[in-house]
Amino acid sequence: MRIDVVPIRKDNYAYLVVDPESGTGAVVDPAEPDTVAAAAAGVRVTHLLCTHHHPDHSGGNAALAERWPGLEVVGSAVDADRIPALTRAVGDGDEIAIGALRLRTLAVPGHTRGHVAFVGGDALFCGDTLFVAGCGRRFEGDAAQMHHVLSGVYGALPPETRVFCGHEYTVRNLQFALTIEPDNAVARAKLAWAEARRAAGLPTVPTTLAEERTYNPFLRVDVPAVQARLGTRGAVETLTALRRLKDAF
Ligand code: ZN
Ligand code: FE
């Protein structure tokens, strides 16, 4: 499986996923149609995988459905009325065949009620549910749901899973993470690395789930030092407090 990172808009990432054998592929959240179509030159794109309805993710659906006749536009059944040009409504555990590749859907509500992630091989396309060193705002779900997604659903995936997320927020997220865990040396080193990457115009994706567990505060809500810092008890209460602080950061 080949995965190309396609930076779009101000700080979004679209992705091109290709089955090298057949030259068949899929695009993930291609909200800037011309840029993504150019990146996909030479690939027969059969699927558009839409993580959620927000326009910075779904805003290219209609234009690409028109440009590539027969394109399967895959998105949440829960949000079928909010995802433009949807042709295949999915839930949890649905399989998508792209050439010889097999991807599986995960229902991951919280940021939006119908958010879905796509997992295939060692790659996870998680939209706005999880970022490098952070996670998306909770617009349409509760904290318990968000905790279930981050620690339960993603926690059940192999730790070496590579995470391809929807935005480049890494530097700011790590600055926030260091306000929660000032002595976290891994976070500090990752911040220096991320700043260098960004200065060179390079993305900080992908990350891995294992790596995220070492510095991403939203995956560390069960760590005593994090709870002590926030004066909270229990993972969900800690996640609620973290999200509130991050929203104001
Ligand atoms: Zn979003
Ligand atoms: Fe977004």
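The values are calculated or read from the model by the stated rules, or taken from the named source; none is laboratory data. These numbers were taken from a predicted model, which means no experiment stands behind them. Counting neighbours? That spans all protein chains shown, and the Cβs are built from the backbone with ideal geometry, glycine included. Please note that ligands, DNA and RNA were not included when accessible areas were found on the heavy atoms of the full protein model with its side chains. Shrake-Rupley method; radii C 1.70, N 1.55, O 1.52, S 1.80 Å.
Residues checked against (1) more than 15 Å from ligand 1 (Cβ to nearest atom); (2) farther than 16 Å from PHE118 by Cβ; (3) out of contact with any Pro (no Cβ under 7 Å at 6 or more places or on another chain); (4) among the small types (Gly, Ala, Ser):
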residue	(1), (2), (3), (4)
ASP29	no, no, yes, no
ASP34	yes, yes, yes, no
VAL45	yes, no, yes, no
ASP56	no, yes, yes, no
ALA80	yes, yes, yes, yes
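Within segment 140-151, is there a residue that is farther than 22 Å from HIS57 by Cα, among the polar types (S, T, N, Q) and at pLDDT 95 or above?
yes
Count, please, the residues in segment 55-100 that happen to be under 20 Å from VAL36 (Cα atoms) and either open to solvent by less than 50 Å² (accessible area, probe 1.4 Å) or not basic (Lys, Arg) (or both).
Residues of segment 55-100 under 20 Å from VAL36 (Cα atoms): 55-75, 83-87, 98-99.
So of that shortlist, the ones also either open to solvent by less than 50 Å² (accessible area, probe 1.4 Å) or not basic (Lys, Arg) (or both) come out as 55-66, 68-75, 83-87, 98-99.
Count: 27.
Which of the residues spanning segment 177-199 are in a helix (DSSP H, G or I) and crowded, with 18+ Cβ neighbours inside 10 Å?
As a first pass, look at segment 177-199 and keep what is in a helix (DSSP H, G or I): 177-180, 185-199.
Listed by number, the residues that qualify are ALA177, LEU178, ILE180, ALA187, LYS190, LEU191, ALA194.
Suppose we keep only residues that are within 16 Å of ligand 1 (Cβ to nearest atom), within 16 Å of the chain's Cα centre (by Cα) and outside any helix (DSSP H, G or I) within segment 136-160. Which one would you say is nearest to PHE125 (Cα to Cα)?
Top of the filtered list is GLY136.
Could you say which residue among ALA100, ALA85 is touching an Asp or Glu at 6+ places or on another chain (Cβ under 6 Å), over 25 Å from VAL223 (Cβ atoms) and more than 16 Å from ligand 2 (Cβ to nearest atom)?
Working: ALA85 fails: touching an Asp or Glu at 6+ places or on another chain (Cβ under 6 Å).
Just one listed residue meets the conditions, ALA100.
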